[in-house]
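Q: Below: one structure in structure tokens.
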Amino acid sequence: MTAAAEGAEYVDRSYATVSRLGVGCELEQLRGVEDVRRVCRTGGVMGVRGYVNWTSGWAEAEESVRFLRRVVEETGRVRFETAVVERLLEEDGRVVGVVLRGGEERRVELTVLATGAWTPGLVDLGGRSVATGQAIGYFQLTPEEWETVKDMPIVFNLSTGTVYTTLRPFVSLLSMIRQESSPSPNTAAY
């Protein structure tokens, strides 16, 4: 986590909280621009203050779901269907299926929502969970650039709302994500 000067106080408070609660974390406080540049490895200025948790990271969610789907499909007891869901079908306070775009219903014993950032379009989460990240771009790196950033931690710059990460090891891609409110579920492309 990094920030410009105006976000330094928040970063320091966040670092103190993570230090207090982060059992098993390998934390390093970034006390100035040079520390931030050394850790971020981009050559540019990603903030004047920050910290890094060397034991944190993101899961390869897409591959995890593919693996789980294969395992579940092998049981022969589950059928997967991809469709645009308009709303959940409820009876007596219980979800019993979904209503698809066009009005067709699917009644099932168990409904599993794998809707990610579009979940609030189907379920009122009351502000308990807000999806905020949208990929802005993926940058194909040269072998030399990849060597520079391949071990870079996930960088979340609070001042700009951007996240930079090498999400897929050994593919030589750098991902840039902008943190902001999720678009409508109807704007999603699959």
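The values are calculated or read from the model by the stated rules, or taken from the named source; none is laboratory data. Keep in mind the model is a prediction, meaning the values are calculated, not measured. No Cβ is skipped: glycine too gets one built from the backbone with ideal geometry, and neighbour counts run over all protein chains shown.
Q: For region 87-113, give me each residue that is within 20 Å of the chain's Cα centre (by Cα) and surrounded by 11 or more Cβ atoms within 10 Å (Cβ to Cβ).
A: The answer is 113, and nothing else.
Q: Looking at 65, 18, can you tell me which residue is hydrophobic (A, V, I, L, M, F, W, C) and modelled with pLDDT of 85 or more?
A: None of the other options fit; the residue is 18.
Q: Same structure again: Only residues that are at positive phi and in contact (Cβ under 8 Å) with a residue 60 or more places away in the chain: list them for region 11-42, please.
A: 41
Q: Tally time: how many residues in region 47-61 are closer than 23 Å to residue 160 by Cβ and either in contact (Cβ under 8 Å) with a residue 60 or more places away in the chain or among the aromatic types (Phe, Trp, Tyr) (or both)?
A: 8
Q: Another one. Could you please give the count of residues in region 17-26 that are under 22 Å from residue 4 (Cβ atoms) and either under 21 Å from the mean Cα position of the chain (by Cα) or in a loop (DSSP other than H, G, I, E, B) (or both)?
A: 1
Q: Right, another one. Checking residue 64 against (1) within 22 Å of the chain's Cα centre (by Cα); (2) closer than 19 Å to residue 162 by Cα; (3) not in a strand (DSSP E or B), which test does it fail?
A: (2)
Q: Can you spot a residue in region 17-25 that is in contact with a helix residue (DSSP H, G or I) (Cβ under 7 Å, 6 or more places away or on another chain), closer than 26 Å to residue 166 by Cα and in the same structural domain as residue 149 (by TED's automatic domain parsing)?
A: yes
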